[in-house]
């Protein structure tokens, strides 16, 4: 049974997994689209949507919580000032996953994770 198991392990120790997901989230907000595997994209999507929801609040505590993950004040400023206002009238579903097919080397399903315009 999988009761109270809320995330995927991705075959990594917890500190490396956290660093990977935070890095992918940062890249998503910088480039507004990333190409990664299906399981990684599903984990990044949940983190990114929570950050955008925080950014819609636009208060000091929300900025500090977002800074924990994004690590860069300039990126936090971009998310709060440019990205979050786009979704002011939207109640979730800020990202889109488009399947690209299997990776040649190991057959992993690749997806394009992008912010909806």
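Annotations
- Summed over region 12-43, residues that are out of contact with any strand residue (DSSP E or B) (no Cβ under 8 Å at 6 or more places or on another chain) and free of Cβ contacts under 8 Å to residues at least 12 places away in the same chain total 10.
- Restricting attention to region 44-58, the residues that are free of Cβ contacts under 8 Å to residues at least 12 places away in the same chain and either buried (at least 17 other Cβ atoms within 10 Å of the Cβ) or over 23 Å from residue 19 (Cα atoms) (or both) total 1.
- Unique match (being surrounded by fewer than 21 Cβ atoms within 10 Å (Cβ to Cβ), at negative phi and touching a helix residue (DSSP H, G or I) at 6+ places or on another chain (Cβ under 6 Å)) among 22, 31, 61: 22
- Considering 102, 74, 89, the condition of being free of Cβ contacts under 8 Å to residues at least 24 places away in the same chain, farther than 18 Å from residue 114 by Cα, surrounded by fewer than 19 Cβ atoms within 10 Å (Cβ to Cβ) and in contact with a strand residue (DSSP E or B) (Cβ under 7 Å, 6 or more places away or on another chain) is satisfied by 102 alone.
- The set of residues in region 56-81 that are closer than 18 Å to residue 28 by Cβ and not in a helix (DSSP H, G or I) comprises 71, 72.
- Qualifying residue in region 94-114 (condition: part of a strand (DSSP E or B), at pLDDT 95 or above, in contact with a helix residue (DSSP H, G or I) (Cβ under 8 Å, 6 or more places away or on another chain) and more than 12 Å from residue 35 (Cα to Cα)): yes
- Meets criteria (modelled with pLDDT of 95 or more and either touching a strand residue (DSSP E or B) at 6+ places or on another chain (Cβ under 7 Å) or more than 16 Å from residue 110 (Cα to Cα) (or both)) for residue 56: yes
The values are calculated or read from the model by the stated rules, or taken from the named source; none is laboratory data. The structure displayed is predicted, hence computed values, not measured ones. Cβ: placed from backbone, ideal geometry, glycine included. Neighbour counts: every protein chain shown.
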